[in-house]
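Have a look at the structure below before the remarks.
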Amino acid sequence: MKKVSYFLLGLMFALLYTVQAYAQPSKGGTPPSFSIQSSTDVYEEKIVEPIDVDKAIQEDATRGGVLWAGRSIPVDFNMSNSGTWTVMPDGTKIWRLKITTTGAKALALAYDHFYIPKGGKLFIYNEYRTQVLGAYDETTNPSGGLFSTELVQGSIINIEYVAPKELPFKAEKNKFNAKIEGDKISTTDLTIKSDKPNIEISELVYVYRDVPFLDRYDITKQTGFGASGSCEVNVNCSPEGDNWQTEKRGVAEIWLKNGTSWGWCTGGLVNTTNNSGIPYFLTADHCHGLPDAGEPYASAADMNQWQFYFNYESATCSNPGTEPAYNTITGCTLKACSPLNGGSDFCLVQLNTAPPQSYHPYYNGWDRTNTAATSGVGIHHPAGDIKKISTFTASATSATFNGGTGMVSATNAEWNVLFVATTNGHGVVEGGSSGSPLFNQSKRVVGQLSGGSSSCTNLSGSNLYGKFWYDWDQTPGGTATQLKTWLDPVNSGVTTVNGYDPFAGYPDFYATPTTIYEGGSVNFTDITNGATSWYWQFEGGSPATSTAQNPTKIVYYQQGTYRVSLTTTTPVAGTQTIEKVGYITVLPGSPNVTIWCDDFSDPAKWSIINHSGAANQVWQITANAPVGSYSSTNPGKVNSTSGGNYALFDSDGITSTNVEQWSSVQTTTGVNCTNYGQVILKFTEAYTKFYDSTLLYVSTDNFATSTRYVLHEGFANNQSVGNANNYTVDISAAAAG
């Protein structure tokens, strides 16, 4: 059979700079390795076999409740058996590890041990360096060592640890024996040892469904939201969301773990009768597990790695042009639950960390009576999408959830509501909405979502919420199965509680945008409740101060990261100051742009160079489609973006064996990349596996020298099935600077 490899190249050099998002509470900053431009900048890569996605999706179809989206792959990577240590030019020592798989929408890491000593920093970032998590430091260390870090876009995840320049030490023992000898103290068993990091990665979380909020980091995409139905209504639409701006702040998306499976639910912070500020979070028990339907409960270790995503929403009614930022908390502890089967389907957890002031949290009030709401809303994250709002205007009715064997609630333990059309759509619920709160007309939580039949194609379907009344004390068992003990710690006996803002009257603000380029400007918005005066300080900004409530067009001329502080006066809190360190990031140069893009629509812009002298070892730039086994019906065929032209290379033109096949295509419309710090080459290749390799060589001196990049190498067997692959190769080592 004749072997023909054909390529369709839409070659594009794109300038990329690091863009950081809000993440788990961390210190910000940029990994030191981002300053390395040397071709010797290599470190160990661990390649992990992907999961069987088709099998996982088939399994998901037989499971209830959660919108499953990922699986754990067991690994054993630590700082002793994996990664590479490098000494930076300034003497800083860094440890790096790249973990690679194929086909994943996103990856995350789970740890058996996670410990960072004082002065150490840990960063995690994606292939494109557009998403950076961290820096994590000693304040991040979890109790007990179990930890997980949030999702990272793509099939490649990089870990970088930065060692402190002065190695910290600590005592081996908490106390020691000593005796006084004159003016000296001699010790008998004090041992001092270096305080070393301990990063032990036990699981690679492989995500096989789209993760909307991560597409902001994929240079091949613009946005990722929109996974939910087209009828859904964004939470900041008017008039739907106008009266719910406070309550929405308590609602968050959950990325949860149960055994080896990961998936999406929703839930919300709930208040206590004494306004304790304890971060209790209410969701559905079927998010926690469905043991009566064959789905065991998540373990305590699993729940210690749950992640809670706050404030993932559009700032306006319309979908934004780029992915909005978000805030995360990792880990929780189970407090009480009532199963879906025979109960009311609630799960109360306590977050490991209380959301800080910068998250603008709100602990929603509740109503534990069995009084039907006359109207209200549900606030949720359908399909992992940005925050939505669904409205009902007729009284809720008592109902019994019936999802089949092992999924039948207690009689009348649920509220059923009918969501209605509103100005901007017709809200419903979907997978991922499970556990989200139902609010009554008094803006109090009266239930959490179990499920229903509503959808954008079934607008009048059911929407069933476990009753807060039943959650309170109806399930037998007491403390472990009822909300009462936890949410009324002072045994007040009250039946309704208002919401609680732990930072009411304290200053808070946000900026748009927070990442700019030199010479760019930032607008600031005050979100302090009841402020009567404002004093802003903008490190690195011009002007450097302001007394306006909402300063606009603060210009930053110099690259760097800068703090912003706001001092306000309110009747409740008096005069208080909030400072956000490293809040504004100013990047060098100008915004990311495509500096050159070409394909094969004009063959005159390309030259073909035969390096080996063999007559048949040349490319053809032609409008003729590939022939032979690579017909138009071949699944691996790549469609031309230039109207039909291909760069075609016939490697079977060589009759002798063991001959290097060596020719190249070169553009005549190139661009000088001297002044750019990072250069990306993107192209599409159609390739069939035979006994050979495909290597990419990049040269800036007409191939007097070149840098080699391996696309695929050394296949051991023939496989006459075409594979269309999209490649994004960071060629900065060869082309940048």
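The values are calculated or read from the model by the stated rules, or taken from the named source; none is laboratory data. Here the structure is a predicted model, which means the values were calculated and not measured. Because the Cβ atoms are built from the backbone with ideal geometry, glycine has one as well, and the counts that use them run over all protein chains shown. Remember, those area values only see protein heavy atoms, side chains included, never the ligands or the DNA or RNA. Shrake-Rupley method; radii C 1.70, N 1.55, O 1.52, S 1.80 Å.
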Looking at (1) buried (at least 18 other Cβ atoms within 10 Å of the Cβ); (2) within 30 Å of Gly406 (Cβ to Cβ), which is the one condition that is false for Pro291? (1)
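Go through Gly91, Gly119, Gly83 for me and flag whichever is in contact (Cβ under 8 Å) with a residue 12 or more places away in the chain and either within 30 Å of Asn258 (Cβ to Cβ) or buried (at least 20 other Cβ atoms within 10 Å of the Cβ) (or both).
Gly83
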What pairs can you find where one residue is in region 501-512 and of a type in the set (Lys, Arg), the other is open to solvent by less than 40 Å² (accessible area, probe 1.4 Å) and part of a strand (DSSP E or B), and their Cβ atoms are less than 8 Å apart, with a gap of 6+ or different chains? none
All positions within region 279-305 that are touching a strand residue (DSSP E or B) at 6+ places or on another chain (Cβ under 8 Å), over 16 Å from Gly250 (Cα atoms) and either in contact (Cβ under 8 Å) with a residue 60 or more places away in the chain or assigned to a helix (DSSP H, G or I) (or both): Asp285, His286, Cys287, His288, Glu295, Ala300, Asp302, Met303, Asn304, Gln305
Does Phe419 fit the bill of being open to solvent by less than 10 Å² (accessible area, probe 1.4 Å), farther than 26 Å from Ala298 by Cβ and in contact with a Ser or Thr (Cβ under 6 Å, 6 or more places away or on another chain)? yes
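Condition test on Ala548, is it of a type in the set (A, V, I, L, M, F, W, C), modelled with pLDDT of 95 or more, more than 26 Å from Gly29 (Cα to Cα) and not in a strand (DSSP E or B)? Break it down stepwise before answering.
Values: of a type in the set (A, V, I, L, M, F, W, C): yes; modelled with pLDDT of 95 or more: yes; more than 26 Å from Gly29 (Cα to Cα): yes; not in a strand (DSSP E or B): yes.
Here the answer is yes, as Ala548 does meet what is asked.
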Can you find a residue that is open to solvent by 40 Å² or more (accessible area, probe 1.4 Å), at pLDDT 60 or above and among the small types (Gly, Ala, Ser) anywhere in region 677-688? no
Condition first: of a type in the set (A, V, I, L, M), modelled with pLDDT under 95 and part of a loop (DSSP other than H, G, I, E, B). Now tell me which residues in region 44-63 satisfy that. Ile51, Ala61
Could you check how many residues of region 526-544 are open to solvent by 40 Å² or more (accessible area, probe 1.4 Å) and assigned to a strand (DSSP E or B)? 5
Regarding Thr547, is this residue β-branched (Val, Ile, Thr) and surrounded by fewer than 17 Cβ atoms within 10 Å (Cβ to Cβ)? yes
From the list Ser238, Ser228, which residue is open to solvent by 50 Å² or more (accessible area, probe 1.4 Å) and at pLDDT 65 or above? Ser238
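In region 336-412, which strands (runs of 3 or more DSSP E) lie fully inside it and hold 2 or more residues that are open to solvent by less than 40 Å² (accessible area, probe 1.4 Å) and not hydroxyl-bearing (Ser, Thr, Tyr)?
Details: elements: 346-351, 376-380, 388-392, 397-399.
Correct list: 346-351, 376-380, 388-392.
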Among residues of region 698-729 being open to solvent by 80 Å² or more (accessible area, probe 1.4 Å) and closer than 24 Å to Asn126 by Cα, the residue modelled with the highest pLDDT is Arg708
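For every residue, the table says whether it meets (1) assigned to a loop (DSSP other than H, G, I, E, B); (2) over 16 Å from Ser202 (Cα atoms); (3) open to solvent by 10 Å² or more (accessible area, probe 1.4 Å); (4) out of contact with any strand residue (DSSP E or B) (no Cβ under 9 Å at 6 or more places or on another chain).
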site	(1), (2), (3), (4)
Gly65	yes, yes, yes, no
Ala69	no, yes, no, no
Ile73	no, no, yes, no
Leu107	no, no, no, no
Asp112	no, no, yes, no
Thr139	no, yes, yes, yes
Val152	no, yes, no, no
